[in-house]
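Engineer: Mind looking over this structure? Questions follow.
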Amino acid sequence: MASVSMTVNGKSVSGDVAPNTLLVDFLRENLRLTGTHVGCDTSQCGACVIHVNGKSVKACTMLAVQAEGADVTTIEGLANGDQLHPMQEAFREHHGLQCGFCTPGMVMSAVDLANTIDNPDEKTIRHWLEGNICRCTGYHNIVKAIEAGSKAMQAGKQAAD
Amino acid sequence: MTKMTVGQPIKRVEDKRFLTGRGKYTDDINRPGQTYAYIVRSPHAHAKINGINKAAAEAMPGVHAVFTGDDTKDLGGIPCGWQVHSKDGTPMAEPRHPMLAEGKARHVGDPVAMVVADTREQARAAAEALEIDYQELPAVSDTGSALGDGQPLVHDDVSSNLCYDWIIGEEADADAAIAKAHHVTEIDLVNNRLVANPMEPRAAIGEFDESTGEYTLHTTSQNPHVIRLLMGAFVLSIPEHKLRVVAPDVGGGFGSKIYHYAEEALVTWASAKVGRPIKWTADRSEAFISDAHGRDHVSHAKLAMDENGKFLALKVETTANMGAYLSTFAPCVPTYLYATLLAGVYTTPIVFANVKAVFTNTVPVDAYRGAGRPEATYLLERIVEKAAREMGLAQDELRRRNFIPADAFPYQTPVALQYDSGDYLATMEKAIELSNYESFEDRRQEAASRGKLRGIGFSTYVEACGIAPSAVVGSLGARAGLYECGQVRVHPTGSVTVFTGTHSHGQGHETTFAQLVADKLGIPMENVEISHGDTNKIPFGMGTYGSRSLAVGGVAIDRALDKVVAKAKKIAAHLMEASEADIEFENGEFRVAGTDKTTAFGDVALTAYVPHNYPIEELEPGLEETAFFDPLNFSYPGGCHICEVEIDPETGVTEVVGMTAVDDFGRIINPMIVHGQVHGGLAQGIGQALLESCVYDESGQLVTGSYMDYTMPRADNLPSYTVDDHCVPAAHNPLGVKGCGEVGAIGSPPSVINAVLDALNPLGVRDISMPATPMKVWQAIQDAKMSQAAD
């Protein structure tokens, strides 16, 4: 067993894990943060996307011990209390989710996109989502949601500046 | 006055928990003392199991038990819910479907043993220590050749691998019409095998409470009551009152989570043996070899026409793959959900179909989004496209000449169904307008100037959903009724809980049903809770599939609401000292007609539970009603999908540049949700047409067993869609609703392939199979060039 410590959603956490424990399993099984989902075993589906030090990462592609000392944000840590993050709000507004299983990964990936590229257009969004599979929505409303969510995040940033 | 919500794009009630990671899916649930199961599966398509040595596995750390077919052979097999009869009257072959292989494994992924241990890792490690002596046998995986002489037999007691040989219609009539027709178009088609691939893999947690003798199963199911019925009555012999099945949040289904699977029964049964709860969660690779697959037809068809292109007769011969065992709904999919739709939207007076269902050494095949109806639509719309070219008629023109006219409803088809309503011309006209069909040639030329081949394709379809009228399906071989149950519980302070036997796994029932309730009772949606997915809460139900939730389950709720209002009127009449006949109910208020005397819904509810001033001799206290609704007919959504593609002839890559869908859903409760359902269906339809295919090699190994090999549609494979509707209310249910969940997957695949063929037509390409991958398209272009050079 190896001990590991990191910050998850603003709180310091630590635990003992087998050295081959995936970060996603540490989050789901040790911390019971079950919002991060596992939809495949080949790192294709993106249901487990989280933020590690501010960048989107598939939590099934990292060992828990590789996240030692990292600042991790999961879907549970995105909203501000009862107030949804603008990207979450945009998904709700534009019906960007149906069964909800891919949604946490989609939202976390979309937030990173909006942080990386200002006001991405449809083509950029579709390309960015190559690593996130949704079987319900046909992506149409996810793309719309991310366009709107990115704009809202941009507006929020400008208001803060 | 409360704002009316029906017809409005109300934002979904369920979204917040999903958006914040608070959804509760089966694998998110952990029970005290929980152990983990690992299912050991056959790596061979067909193998004799000479013996299994458990000793080493049992001795591994953390292992509680190892079970094999020897342990479960006295339990029931996994039952099939539908019995189809062959044309000679004999019932279908129905070989035993054991939970764990009994002496033989019949497909890659067939469960052979289950290891239960303290952790997932321990169970997996112990599984590797299991010694299984397999003797490989020759296998058959190809649908078209499964019946051939000398093929290996999947089941020793099923000769020729034939499950049934079924017909509908009069063959002699079809042959006679074909013999004297002006023109006959013929086509050979393969409807490619698909994997449903909901993003949440299947999972199950079995649990036994020794103190009460009650079993609980949490499972990823579209229909928990059906699982309770099948597993309790047929597999494990547990009576309903000792078996609770819970399907919590479920991450998509698309049909694949309808069926009763061995793993559900295994963890439930073994939880009592082990004395601990047992959780099993499939990984994706396991899902590919254990979730029921879809489609997989091989067909030959002939369409006879007169000199004006009027359809005279259609004759279809189809071989349908059942896989190695009969899954719950499998036998009805290529018969009653397929051949009965072969009249389509046309007035074809004679339709004959012969369907042979075959066993192969592959994963069982069952309903996948659309189930039989996409196969029928694909066949019809491909042959109609070919017929139009052969007759020298435009794609829309041949359809216009053959549509069932809007004034011909109810319309009795020659293949059993009676369509209640529809307007196929209107949906096509609207799709033509929205897709800018009239200016297509300009776009084709513009694309040509960039070296691209542009094509446009049509599909006009009807489907039968709202499954289903029990008497009808019973006469066709269904072993259950397909009504639905709704229960409305008005609480003392006027809030309402609705219990529905349908199940939401993405469809948004918590919103749509709440809209129905809020409007009918005149209360805010926030005061309505929709409860589903727990057999201990919901009286009964048949679940969600076949676009039935609103058309059957929604109507059951509506009827229960009628009963609630009727009783509430009696209470209101007593409170206002008026005659019941004079009580009107509107906007949440009871009024004595023609007066200003009113009482609020909440006051009536309180009176029902605090009956101090109450007509106790005539009326029971309480305000709770249950209704079952069994429709008299299916509902029949229909419409037109028009696809536009651009092909790069250098690479064979097809880009969908336009996808227009105009559908008839009947009355719409929430257009945002309805159109969202269409989007998802379209993506699966485009996926089938261009990307997805489940491939077995000759030895029965699954070649496409992960997302590395099976092409799931990604965002950058798909366009934004143009989705609209032209609705004619359904005649057979009081809400007038038809269904929307499957239309996208049913209507779109032939529109995509017809568009590809339209693009390639100038090169002389006349046929291409699904999925039209870049390699296939490029090869078709090269072959056409070669044959033109040779001419």
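Engineer: Looking at A:I125 and the list (1) open to solvent by 10 Å² or more (accessible area, probe 1.4 Å); (2) within 23 Å of B:H675 (Cα to Cα); (3) without any contact (Cβ under 8 Å) to a residue 60 or more places away in the chain, which single condition is not satisfied?
Structural biologist: Evaluating A:I125 over (1) open to solvent by 10 Å² or more (accessible area, probe 1.4 Å); (2) within 23 Å of B:H675 (Cα to Cα); (3) without any contact (Cβ under 8 Å) to a residue 60 or more places away in the chain leaves (1) as the failure.
Yes or no, residue by residue, for (1) closer than 19 Å to B:V112 by Cβ; (2) more than 14 Å from chain A (Cβ to nearest Cβ):
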{"residue": "B:F234", "(1), (2)": "no, yes"}
{"residue": "B:H241", "(1), (2)": "no, yes"}
{"residue": "B:V246", "(1), (2)": "no, yes"}
{"residue": "B:D249", "(1), (2)": "no, no"}
{"residue": "B:F254", "(1), (2)": "no, no"}
{"residue": "B:K257", "(1), (2)": "no, no"}
{"residue": "B:A262", "(1), (2)": "yes, yes"}
{"residue": "B:A265", "(1), (2)": "yes, yes"}
{"residue": "B:A270", "(1), (2)": "yes, yes"}
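Engineer: So which residues in region B:473-499 are outside any loop (DSSP other than H, G, I, E, B) and open to solvent by 10 Å² or more (accessible area, probe 1.4 Å)?
Structural biologist: B:G474, B:S475, B:A478, B:Q487, B:R489, B:T497, B:F499
Engineer: For residues in region B:573-591 being farther than 22 Å from B:V490 by Cα and touching a strand residue (DSSP E or B) at 6+ places or on another chain (Cβ under 6 Å), which is most open to solvent (accessible area, probe 1.4 Å)?
Structural biologist: It comes out as B:D582.
Engineer: So in region B:141-181, with the set limited to residues that are of a type in the set (V, I, T) and part of a loop (DSSP other than H, G, I, E, B), which one is surrounded by the fewest Cβ atoms within 10 Å (Cβ to Cβ)?
Structural biologist: This residue is B:V158.
Engineer: Picking from B:A772, B:A789, which residue would you name as being among the small types (G, A, S), more than 30 Å from B:A551 (Cβ to Cβ) and either modelled with pLDDT under 95 or in the same structural domain as B:D110 (by TED's automatic domain parsing) (or both)?
Structural biologist: B:A789
Engineer: Here is a further query. Could you check region A:1-56 and list, in sequence order, the residues that are among the aliphatic types (A, V, I, L, M) and assigned to a helix (DSSP H, G or I)?
Structural biologist: Those that are among the aliphatic types (A, V, I, L, M) and assigned to a helix (DSSP H, G or I): A:L23, A:V24, A:L27.
Engineer: Something else about it: Considering only residues that are open to solvent by 10 Å² or more (accessible area, probe 1.4 Å) and assigned to a helix (DSSP H, G or I), look in region B:746-771 and name the one that is nearest to B:E375 (Cα to Cα).
Structural biologist: Only one residue fits best here, namely B:D758.
Engineer: Please work out if B:G622 is at positive phi and either polar (S, T, N, Q) or modelled with pLDDT under 95 (or both).
Structural biologist: The answer is no for B:G622.
Engineer: Further question: Considering region B:682-702 alone, what residues qualify as being open to solvent by 20 Å² or more (accessible area, probe 1.4 Å), under 19 Å from B:Y368 (Cβ atoms) and either assigned by TED's automatic domain parsing to the domain that holds B:E375 or part of a loop (DSSP other than H, G, I, E, B) (or both)?
Structural biologist: Going through region B:682-702, the residues open to solvent by 20 Å² or more (accessible area, probe 1.4 Å) turn out to be B:691, B:693, B:695-699, B:701-702.
This time we only want the ones that are under 19 Å from B:Y368 (Cβ atoms), so: B:691, B:693, B:695-696, B:702.
Once the filter is applied, which keeps residues that are open to solvent by 20 Å² or more (accessible area, probe 1.4 Å), under 19 Å from B:Y368 (Cβ atoms) and either assigned by TED's automatic domain parsing to the domain that holds B:E375 or part of a loop (DSSP other than H, G, I, E, B) (or both), region B:682-702 yields B:S693, B:V695.
Engineer: Could you list, in sequence order, the residues of region B:318-354 that are buried (at least 24 other Cβ atoms within 10 Å of the Cβ), of a type in the set (A, V, I, L, M) and farther than 15 Å from B:C80 by Cα?
Structural biologist: Passing the criteria: B:A320, B:L337, B:A339, B:L341, B:L342, B:A343, B:V345, B:V351, B:A353.
Engineer: Have a look at A:L33, A:L27, A:L63, A:L23 and point out the one that is more than 8 Å from chain B (Cβ to nearest Cβ) and open to solvent by 30 Å² or more (accessible area, probe 1.4 Å).
Structural biologist: Going through A:L33, A:L27, A:L63, A:L23 in turn, just one is more than 8 Å from chain B (Cβ to nearest Cβ) and open to solvent by 30 Å² or more (accessible area, probe 1.4 Å): A:L63.
Engineer: Still on this structure, I have one more. With (1) at pLDDT 95 or above; (2) crowded, with 19+ Cβ neighbours inside 10 Å; (3) assigned to a loop (DSSP other than H, G, I, E, B) as the list, and B:I467 as the residue in question, which single condition is left unmet?
Structural biologist: Among (1) at pLDDT 95 or above; (2) crowded, with 19+ Cβ neighbours inside 10 Å; (3) assigned to a loop (DSSP other than H, G, I, E, B), B:I467 violates only (1).
Engineer: Report, by residue number, each residue of region B:78-134 that is of a type in the set (V, I, T), buried (at least 17 other Cβ atoms within 10 Å of the Cβ) and more than 30 Å from B:T335 (Cα to Cα).
Structural biologist: Within region B:78-134, B:V112, B:V115, B:V116, B:I132 meet the criteria.
Engineer: Restricting to helices (runs of 4 or more DSSP H) lying wholly in region B:1-104: which have 1 or more residues that are within 14 Å of chain A (Cβ to nearest Cβ) and among the aromatic types (F, W, Y)?
Structural biologist: Filter on region B:1-104 gives B:15-19.
Engineer: With the condition kept exactly as written, say whether any residue in region B:182-195 is in a helix (DSSP H, G or I) and open to solvent by 30 Å² or more (accessible area, probe 1.4 Å). Talk me through it step by step, then tell me what you get.
Structural biologist: Filtering region B:182-195 down to residues in a helix (DSSP H, G or I) leaves none.
Taking every residue of region B:182-195 in turn, none turns out to be in a helix (DSSP H, G or I) and open to solvent by 30 Å² or more (accessible area, probe 1.4 Å).
Engineer: Which of (1) surrounded by 24 or more Cβ atoms within 10 Å (Cβ to Cβ); (2) more than 7 Å from chain B (Cβ to nearest Cβ); (3) free of Cβ contacts under 8 Å to residues at least 60 places away in the same chain is the odd one out, the single condition A:C136 does not satisfy?
Structural biologist: Unmet condition: (2).
Engineer: Taking region A:93-116 only, how many residues are without any contact (Cβ under 8 Å) to a residue 12 or more places away in the chain and more than 12 Å from chain B (Cβ to nearest Cβ)? Full working, then the answer.
Structural biologist: Start the filter on region A:93-116 by keeping residues that are without any contact (Cβ under 8 Å) to a residue 12 or more places away in the chain, which leaves A:100, A:116.
Filter once more, so that each one left must be more than 12 Å from chain B (Cβ to nearest Cβ): A:116.
Of the residues in that region, 1 qualify.
Engineer: Restricting attention to region A:66-92, and to residues there that are part of a loop (DSSP other than H, G, I, E, B) and within 12 Å of chain B (Cβ to nearest Cβ), which single residue is surrounded by the fewest Cβ atoms within 10 Å (Cβ to Cβ)? Before you say what the answer is, go through the steps one by one.
Structural biologist: Applying the first criterion (part of a loop (DSSP other than H, G, I, E, B)) to region A:66-92 yields A:68-70, A:74, A:78-79, A:81-82, A:84-85.
This time we only want the ones that are within 12 Å of chain B (Cβ to nearest Cβ), so: A:74, A:78-79, A:81-82, A:84-85.
Values: A:T74: 24, A:L78: 23, A:A79: 16, A:G81: 5, A:D82: 7, A:L84: 20, A:H85: 22.
Checked region A:66-92; the qualifying residue surrounded by the fewest Cβ atoms within 10 Å (Cβ to Cβ) is A:G81.
Engineer: Working carefully through the options B:G594, B:G652, find the one that is at positive phi and open to solvent by 20 Å² or more (accessible area, probe 1.4 Å).
Structural biologist: None of the others qualify; the one that does is B:G594.
Engineer: Select from region B:625-649 the residues that are of a type in the set (G, A, S) and either at pLDDT below 95 or closer than 21 Å to B:L521 by Cα (or both) and list them in ascending order.
Structural biologist: B:A627
Engineer: With the requirement that a residue be in a helix (DSSP H, G or I) and of a type in the set (S, T, N, Q), what does region B:247-280 give you?
Structural biologist: So the first thing to find is which residues in region B:247-280 are in a helix (DSSP H, G or I), and the list is B:262-274.
B:T268, B:S271 - these are the residues of region B:247-280 that are in a helix (DSSP H, G or I) and of a type in the set (S, T, N, Q).
Engineer: Which of (1) farther than 20 Å from B:P364 by Cβ; (2) touching a helix residue (DSSP H, G or I) at 6+ places or on another chain (Cβ under 7 Å) does B:P98 not meet, given it meets every other one?
Structural biologist: (1)
Engineer: One residue is enough: does region A:105-117 have a residue meeting the conditions in contact with a Cys (Cβ under 7 Å, 6 or more places away or on another chain), open to solvent by less than 10 Å² (accessible area, probe 1.4 Å) and not assigned by TED's automatic domain parsing to the domain that holds A:T21?
Structural biologist: Taking region A:105-117 and keeping what is in contact with a Cys (Cβ under 7 Å, 6 or more places away or on another chain), we get A:105-106.
Narrowing the set further to residues that are open to solvent by less than 10 Å² (accessible area, probe 1.4 Å) leaves A:105-106.
Filter once more, keeping what is not assigned by TED's automatic domain parsing to the domain that holds A:T21: A:105-106.
Among the residues of region A:105-117, at least one is in contact with a Cys (Cβ under 7 Å, 6 or more places away or on another chain), open to solvent by less than 10 Å² (accessible area, probe 1.4 Å) and not assigned by TED's automatic domain parsing to the domain that holds A:T21, which makes the answer yes.
The values are calculated or read from the model by the stated rules, or taken from the named source; none is laboratory data. Model, not experiment: these values are computed from the prediction. So basically every Cβ, Gly included, is an ideal-geometry build from the backbone, and we count neighbours across all protein chains shown. SASA here: full protein model, heavy atoms, side chains in, ligands and nucleic acids out. Shrake-Rupley method; radii C 1.70, N 1.55, O 1.52, S 1.80 Å.
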